[in-house]
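> Structure incoming, see below.
All of the numbers you see were taken from the coordinates with simple rules; none came from a lab. Note that the coordinates shown come from a computational prediction; the quantities given were computed from them, not determined experimentally. Cβ coordinates were reconstructed from backbone atoms using ideal geometry, including for glycine residues, and neighbour counts include every protein chain displayed.
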Amino acid sequence: MKAAKTVTTEDPRLSEVFDKLLGTLRNFIRENRITHEEYRRAVAFLAEVGQKGEVSLICDVFVEVTVDEVANNGRGGTITTIEGPFYVPNAPAMKSPCELPHRPDEKGPVLFLSGVVRSPNGDPLPGTILDLWQSDQQGRYSHFDIPEAVAPYNLRARVAVDHNGKFDVKTRLPGPYEIPKAGPTGALLAAMGRHAWRPAHLHMKIGRQGYRNLTTQVFMNNDPWLESDVVEGAVKSALIVDPVKHDDPDDLRQKNLTEPYYTLTYDFFLEPVIAKAA
Ligand code: MBD
Ligand code: FE
């Protein structure tokens, strides 16, 4: 007969880190003389975070920065930052040049995002997939704030770069994002007197065979929340970008646009996977 398997005996890493986490938590309770009332308040808060579907939101806002720091310590190439709670896998596959899926009445200025994905020595990397996602002009993410049935994969796509490693994507400028005031995460921030804003940003996961996956974001310069992102430590200076405004009437007519548009060029650098000795 086969012995019954249990997760605990099969997963020493789980036992080890759980014991350590508990130890840290017990010390925290002792050092801060956490009262029974505070404990009950915390438990009720966590229950509400679960009920309102904000587990990923609150964890990513307060904790993911440190996970990213550990995961990418010493890494070369473009600097990483957190994935956040609003990534959706399997977005439409597109080939550069392309336009992200959007509603017929999508608001906000057009943004042409372009650049080249490169290896550390600058060689372009054809064969790369750039998985892009972003909020709309009002800071809303499809599948979360915009129902999937209304606009599936709105402003999301997996873009294949061209044979020169280049991507050329037509999209819209994202707006800043505010954590909803109605939920427990927003209530916690309000109770601490903190604002709940993230500066306008674009998210990307970049993948190519032989290279480490890169998850990062670029942040729009001149955003009022750039210096005080509610996600402390997510904004890094090398990730701040300056979209260029274009409003020449002849140029607009040529592009079939009636409003000024923006361009943004940013190259990404991937780090090769180091083959491990057998
Ligand atoms: C976001 O848009 C985001 O990117 C993160 C990390 C947290 C909350 C909202
Ligand atoms: Fe985001």
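> Residue check: is P101 over 22 Å from F144 (Cβ atoms), away from ligand 2 (no atom under 16 Å from the Cβ) and of a type outside the set (D, E)?
On the way: over 22 Å from F144 (Cβ atoms): no; away from ligand 2 (no atom under 16 Å from the Cβ): yes; of a type outside the set (D, E): yes.
So P101 does not fit the description; no.
> Considering segment 181-211 alone, what residues qualify as being assigned to a loop (DSSP other than H, G, I, E, B) and farther than 20 Å from V88 by Cα?
Passing the criteria: K181, A182, G183, M192, G193, R194, H195, A196, P199, Q209, G210.
> Of the numbered conditions (1) crowded, with 16+ Cβ neighbours inside 10 Å; (2) of a type outside the set (V, I, T); (3) more than 30 Å from V117 (Cα to Cα), A182 fails exactly one; give the number of that condition.
So A182 meets the others, but not (1).
> Now a separate question. Hey, can you tell me all the residues within segment 231-278 that are under 18 Å from the mean Cα position of the chain (by Cα) and free of Cβ contacts under 8 Å to residues at least 12 places away in the same chain?
S237
> Kindly establish whether A196 is buried (at least 22 other Cβ atoms within 10 Å of the Cβ) and either within 16 Å of ligand 1 (Cβ to nearest atom) or closer than 16 Å to D60 by Cα (or both). Steps first, answer last, please.
On the way: buried (at least 22 other Cβ atoms within 10 Å of the Cβ): no; either within 16 Å of ligand 1 (Cβ to nearest atom) or closer than 16 Å to D60 by Cα (or both): yes.
In short, no.
> Would you confirm whether any residue within segment 259-270 is within 16 Å of ligand 2 (Cβ to nearest atom) and either charged (D, E, K, R) or at negative phi (or both)?
If we filter segment 259-270 for residues that are within 16 Å of ligand 2 (Cβ to nearest atom), which is where we start, we get none.
Scanning segment 259-270 turns up no residue that is within 16 Å of ligand 2 (Cβ to nearest atom) and either charged (D, E, K, R) or at negative phi (or both).
> Against the conditions (1) over 14 Å from the mean Cα position of the chain (by Cα); (2) in contact (Cβ under 8 Å) with a residue 12 or more places away in the chain; (3) surrounded by fewer than 21 Cβ atoms within 10 Å (Cβ to Cβ), where does T128 fall short? Just the number, please.
Every listed condition holds for T128 apart from (3).
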